[in-house]
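> Before we start, here is the structure in question, set down as structure tokens.
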Amino acid sequence: MKILVITNLFPYPGNETRGNFITNRLKALKKFNVDFNVFGTISQDSLFAKVFRKITGSARQEKYGDYYEIDGIRYNYLSFDRRLYDIFSEYVLKKDYTLEYAKELANKKYKSFVQEKYDLIHAQGMFDPPAGLVAKLLSEKLGIPYVVTCHGSDINLLMENAKELYIDVLGNADKVIFVSNALLNKAKSLSYSGTNAVVIPNGIDPKIFKPLDKEKIKKELGLNKKVVGYVGNLKYVKRADKFSEIFENIALKQEVEFLVVGDGELRKNVEKECKHKSLKVKFVGRVPNDEVPYYMNAMDVMILPSRNEGWPCVVLEAQACGVPVVGSSNGGIPEAIGDGGIAVEEGENFEKRFAEAVVEMLKKPIDSGYLRKRALVDLKET
């Protein structure tokens, strides 16, 4: 079998861990000796478009090259052109170019796709423009089936404003894979039938994510107390704008240190706010995936207060390292946490209640062996 993979999420120089769960899925696919080629969808701005974005503060990643290879997976880049007029029309006139961009991407390498004689198209994501829509257009041209995997924000944030398109793409797919039951239920609430759906959560690598010497690592990092940590992007959807408030509420009830692993547009603000409040926070920035377990093992509790999530692999990664998790009740977080931590309901005084749950978790005896076992059992069940 030969598969054409079209993805909206992919790594690139400077952000090697982006879409890491897709890289992991593709690595697993290679073990079954399945032949595939991967194409990441990107936009190429004209010179005037670049100037416009710089002026408006919406500059985009441009240094992609032709491809990027990581862990033996080659991501080829499939680009479409975005002119200044297109951007102006999108922002000012509110014109939707989704279909036009998707058609351009589908036609870009059509001849070479025909020559490759693919048996199946697998679209990873329904973002902008949806890989799923590109897959549907190519499916019609090539006469082969397509499968779509939905990961989170595509359903939680975007589907409501493009229901007709989503229902058409998802409804005509041979299969639609959702990474959590919560994500499938969200799509159903937006009129998707679910008749061709299957739930397959993203997995983790238990050989990498495992318990290490916690006290040794704490000493190496200069941490002397209980450690509350976070691993991920520092952006609004992760509720990074409320980190200093959450940290402050935790510190008022228990003497702790904080460890933040990751980067993003809110990092400078988070660092500034934490410094202003005299909180003991160690920021280490973004690290390679194989170094994440080292930092996770320094944590006594990991937090994930996200405003929405599809399936948070980071929860199982932490538990596989023997670390309990306190998360929000959004998306697939409660499913992932299970009895290996606490899921805090959204609502009034969320940040204060979330901090109280973290303090409660810090006081509980932790069975790291059980946490790892439940994380790996979850993998076997999926």
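The values are calculated or read from the model by the stated rules, or taken from the named source; none is laboratory data. For clarity, every value in this text was computed on a predicted model and none was experimentally measured. Because the Cβ atoms are built from the backbone with ideal geometry, glycine has one as well, and the counts that use them run over all protein chains shown.
> With respect to A320, determine if the residue is closer than 21 Å to Y236 by Cβ and assigned by TED's automatic domain parsing to the domain that holds D241. Before the answer, list the steps.
Numbers: closer than 21 Å to Y236 by Cβ: no; assigned by TED's automatic domain parsing to the domain that holds D241: yes.
So A320 does not fit the description; no.
> Between a residue in region 209-224 that is surrounded by 12 or more Cβ atoms within 10 Å (Cβ to Cβ) and any residue that is assigned to a helix (DSSP H, G or I) and modelled with pLDDT under 95, which pairs come within a Cβ distance under 6 Å, given they are 6 or more apart or on different chains?
Qualifying pairs under 6 Å: P211/S368.
> Among L165, L183, which is closer than 17 Å to G331 by Cβ and not assigned by TED's automatic domain parsing to the domain that holds P334? Show your work before the answer.
On the way: L165 fails: closer than 17 Å to G331 by Cβ.
On inspection, the qualifying residue turns out to be L183.
> Hey, among the residues in region 271-298 that are of a type in the set (K, R) and over 25 Å from the mean Cα position of the chain (by Cα), which one's surrounded by the most Cβ atoms within 10 Å (Cβ to Cβ)?
So the first thing to find is which residues in region 271-298 are of a type in the set (K, R), and the list is 272, 275, 277, 280, 282, 286.
Still in the running and over 25 Å from the mean Cα position of the chain (by Cα): 272, 275, 277, 280.
Numbers: K272: 11, K275: 11, K277: 13, K280: 16.
If we take residues in region 271-298 being of a type in the set (K, R) and over 25 Å from the mean Cα position of the chain (by Cα), then K280 is surrounded by the most Cβ atoms within 10 Å (Cβ to Cβ).
> Which members of region 247-270 meet the condition of being under 12 Å from V228 (Cα atoms) and either hydroxyl-bearing (S, T, Y) or surrounded by 20 or more Cβ atoms within 10 Å (Cβ to Cβ) (or both)?
Residues satisfying the conditions are F247, I250, A251, V256, E257, F258, L259, V260, V261.
> Could you figure out which of (1) under 24 Å from D81 (Cα atoms); (2) of a type outside the set (S, T, N, Q); (3) touching a Ser or Thr at 6+ places or on another chain (Cβ under 8 Å); (4) surrounded by 15 or more Cβ atoms within 10 Å (Cβ to Cβ) isn't true of L137?
All conditions are met except number (3).
> Looking at V284, is it modelled with pLDDT of 95 or more, assigned to a helix (DSSP H, G or I) and over 17 Å from Q254 (Cβ atoms)?
Spelling it out, it is not the case that V284 is modelled with pLDDT of 95 or more, assigned to a helix (DSSP H, G or I) and over 17 Å from Q254 (Cβ atoms).
> Hey, another quick one. So which of V148, V169 is modelled with pLDDT of 95 or more, crowded, with 24+ Cβ neighbours inside 10 Å and closer than 18 Å to F10 by Cα? Let's see the steps before the verdict.
Numbers: V169 fails: closer than 18 Å to F10 by Cα.
Only one candidate passes the filter, namely V148.
> Kindly state which helices (runs of 4 or more DSSP H) lie completely within region 93-146 and contain at least 2 residues that are touching a helix residue (DSSP H, G or I) at 6+ places or on another chain (Cβ under 6 Å) and of a type in the set (A, V, I, L, M). So that I can check it myself, show each step before the final result.
Details: elements: 98-108, 110-116, 131-142.
Once the helices (runs of 4 or more DSSP H) in region 93-146 are filtered for at least 2 residues that are touching a helix residue (DSSP H, G or I) at 6+ places or on another chain (Cβ under 6 Å) and of a type in the set (A, V, I, L, M), what remains is 98-108, 131-142.
> In addition: Taking strands (runs of 3 or more DSSP E) that do not extend beyond region 173-245, which have at least 1 residues that are touching a Cys at 6+ places or on another chain (Cβ under 7 Å)?
Details: elements: 175-178, 197-199, 226-231.
Qualifying strands (runs of 3 or more DSSP E): 175-178.
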